[in-house]
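Working notes, beginning with the structure itself.
The values are calculated or read from the model by the stated rules, or taken from the named source; none is laboratory data. Just so it is clear, the model here is predicted, and its values are computed rather than measured. Neighbour counts are summed over all protein chains in view; Cβ atoms, including those assigned to glycine, are modelled from backbone coordinates with ideal geometry. To get the accessible areas, we keep the full protein, side chains included, count just its heavy atoms, and leave off ligands, DNA and RNA. Shrake-Rupley method; radii C 1.70, N 1.55, O 1.52, S 1.80 Å.
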Amino acid sequence: MTSKILLIYTGGTIGMNHNPLTGALEPFDFEHLLSRVPELAQFKTEIATYQFSPPIDSSDMSPRLWTELAHIVADNYNLYDGFVILHGTDTMSYTASALSFMLENLGKPVILTGSQLPIGQLRTDGKENLITSIEIAAARRQDSTAVVPEVCIYFNGHLMRGNRTTKQSADEFNAFESFNYPHLADAGVQITYHDEFIHRPQSSHFHPQFRLDNNVIIFSLFPGIREDLIRHIIATPNLRAIVMRTFGSGNAPQSPWLISALREGTHRGKVIINISQCLQGCVEMGRYDTGYQLQEAGVISGYDGTVEAAVTKLMYLQGKYDDPEQVRKFMRQSICGEISI
């Protein structure tokens, strides 16, 4: 049985060309992109396309566009066996994380990919990324269910859970890594799937969520951070949640004013999540006294999650629940494999 894949082009380096006058990269027509990959004609898979018009730079990605992407997948869910989204690398991890929460009980592959070099350049990484992403999106088990029924990023030979990824390099082809979770598949001569790490939906009832509430902010602690600025952030009207990037295993300065400000924030109903500035490792707020004080102030552990997953999960939960206690409850749980509990 032939698989059907919907290829969604949002923009990004993969579909760009050099302007001969300025030398800058600029988008070009999606049909030209496809013409650069004649290998697609060799697929037994049926490939349909959908194009953002105009294509966007991924720096301009937004919750509104995440909702549009979720609608595209939902509207076509019963027509296709999988989806491949071509996306710029700068915010790809944010988009993959957001979609992983919005596409509740997803039972089909949604693979995001792109490239570091335009697909028309001689040394492009775009061809392999695109071709293998389509192959993974079309892969089915003997019972006809998807091999990888989750939102993923495929890049440079590695398939990763989308909400576990972070962009690690602006220059290397190995642009993404999931530092705290194993790869779901590795592509060499063969594609080797690691089934034990793949997330499968608890229900067959696909139930997309389209409402996001982006009243959330990220800030990083650093030596010398100012009290007045932190208090100003915490007192921001309409702000519902804060992702606070801390040191090491979730530590912060032992300044009484900081603990006081965070405690006041939680008492006012703001949800404050502790995410480490380290790329690898886990927040353990009971490990040192500095982390314990944050816990006492009502700050919630982000465990081994990424900043991208924490902020998009908050937007998703705030879109569903008005009660901050409900948001806190689900931030402590793994919804689709974004944290290890």
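Hey, if you drop one equal point scatterer on each alpha-carbon of the stretch 137-291 and run the Debye formula without solvent, what base-10 log of I(q)/I(0) do you get at q = 0.10, 0.17 Å⁻¹?
Log10 of I(q)/I(0), two decimals: -0.55, -1.08.
For GLU296, GLU104, what's the largest-to-smallest order of accessible area, 1.4 Å probe?
GLU296, GLU104
Based solely on C-alpha atoms, express the radius of gyration and the Dmax of the stretch 149-232 in angstrom.
18.3, 57
So with the 1.4 Å probe, I'd like the accessible area per residue for the stretch 185-249, rounded to whole Å². Let's see the in-between values first.
Numbers: 3920 Å² over 65 residues.
Using a 1.4 Å probe on heavy atoms only, each residue of the stretch 185-249 averages 60 Å².
THR49 versus HIS71, label points 7 Å from Cα toward the beta carbon: distance in nm?
With each label point 7 Å from Cα toward Cβ, the separation is 2.3 nm.
Using a simple spin-label model with points 7 Å from Cα along the Cα→Cβ vector, what separation in nm is obtained for LEU279 and GLN142?
Spacing of the two 7 Å Cα→Cβ label points: 4.0 nm.
For ASN105 and ILE233 in one chain, what is 0.36 nm times their gap in residues minus the Cα-Cα distance, to one decimal in nm? Please list the in-between numbers first.
Working: separation 128, 0.36 × 128 = 46.08 nm, distance 3.51 nm.
The ASN105-ILE233 span can extend by a further 42.6 nm.
From the Cα trace of the stretch 60-199, what convex hull volume per residue do you get, rounded to a whole Å³?
On the way: hull volume 15.8 nm³, N = 140.
Here the figure is 113 Å³ per residue.
Over the chain, with every protein chain in place, what whole percent of the accessible area is carbon and sulfur at 1.4 Å, could you tell me?
On the way: 7510 of 15210 Å².
Solvent-exposed carbon and sulfur of the chain make up 49 percent of the total.
If you count the DSSP beta bridges with both ends in the chain, what percent of them are antiparallel, to the nearest 5?
Antiparallel bridges make up about 35 percent of those DSSP assigns within the chain.
Please report the accessible area of HIS232 (heavy atoms, 1.4 Å probe, ligands and nucleic acids excluded) in Å², nearest 10.
HIS232 exposes around 140 Å² with every protein chain in place.
For HIS71, tell me the accessible area in Å² from a 1.4 Å probe, rounded to the nearest 10.
70 Å²
For the stretch 240-341, restrict the atom set to alpha-carbon positions and state the Rg and Dmax in Å.
Just the Cα atoms of the stretch 240-341 yield Rg and Dmax of 12.6, 36 Å.
Could you tell me the distance between the Cα centroids of the stretch 59-90 and the stretch 268-287, to the nearest Å?
Measuring centre to centre over Cα atoms gives 29 Å.
Roughly how tilted is helix 63-75, in degrees to the nearest 10 and between 0 and 90, from the longest Cα axis of the chain?
So the inclination is approximately 50 degrees.
Please find, in a Gaussian network model of the chain (springs between Cα atoms separated by less than 10 Å), the residue of VAL148, VAL189, VAL271 whose mean-square fluctuation is greatest.
Largest GNM mean-square fluctuation: VAL189.
How big is the accessible area of TRP257 in square angstrom, nearest 10, if you roll a 1.4 angstrom probe over the protein chains?
Taking all protein chains as shown, TRP257 has close to 50 Å².
For LYS44, go through the lysines and keep the ones whose alpha-carbon is under 17 Å away, minus same-chain ones fewer than eight residues off.
LYS4
Report Rg(Cα)/(2.2 N^0.38 Å) for the stretch 63-128, keeping two decimals.
1.22
At 222 nm, what value in deg cm²/dmol follows for the chain if DSSP H runs of at least 4 each add -39500 (n - 2.57) and the sum is divided by all its residues, to the nearest 500?
After summing the helix terms and dividing by residue count, I get -8000 deg cm²/dmol.
What's the angle, to the nearest 10 degrees (0 to 90), between helix 92-102's Cα axis and the longest principal axis of the chain?
Around 80 degrees separate the two axes.
Pop the C-beta distance of LEU40 and GLN326 into the FRET formula with R0 = 51 Å and round what comes out to the nearest 0.05.
Once rounded, the FRET efficiency stands at 0.70.
Connecting C-alpha atoms closer than 10 Å in a GNM of the chain, tell me which of VAL37, VAL283, VAL327 has the biggest fluctuation.
Of the options given, VAL37 has the highest mean-square fluctuation.
Under a Cβ-Cβ cut-off of 11 Å, what is the net charge of the residues other than VAL327 that fall near it, where Lys and Arg count +1 and Asp and Glu count -1?
+3
Going by accessible area, probe 1.4 Å, with all protein chains left in place, what is the ranking of LYS108, LYS313, largest first? Provide the component values of the computation, followed by the final result.
Values: LYS108 40, LYS313 5 Å².
Descending accessible area places them as LYS108, LYS313.
How big is the C-alpha Rg of the chain next to the rule-of-thumb value 2.2 N^0.38 Å, as a ratio?
Ratio of Rg to 2.2 N^0.38 Å for the chain: 1.03.
Sum up the charges of everything whose Cβ sits under 13 Å from the Cβ of VAL73, counting Lys and Arg as +1 and Asp and Glu as -1, but leave VAL73 out.
-4
Computed from the mean reciprocal separation of all distinct C-alpha pairs, what Kirkwood hydrodynamic radius does the stretch 127-180 have, in Å?
12.0 Å is the Kirkwood radius here.
Sorted by accessible area (1.4 Å probe), largest first, how do GLU196, GLU150 line up? Spell out each step's value before the answer.
On the way: GLU196 135, GLU150 10 Å².
Most to least solvent-accessible, the answer reads GLU196, GLU150.
Only loop residues by DSSP count here, and only those with at most 13 other Cβ atoms within 10 Å; note down the trypsin sites (Lys or Arg not before Pro) in the stretch 68-155 that meet that.
ARG123, ARG141
I need the fraction of alpha carbon pairs in the stretch 296-338 separated by more than 16 Å, rounded to a whole percent.
For the stretch 296-338, the fraction of Cα-Cα distances above 16 Å is 30 percent.
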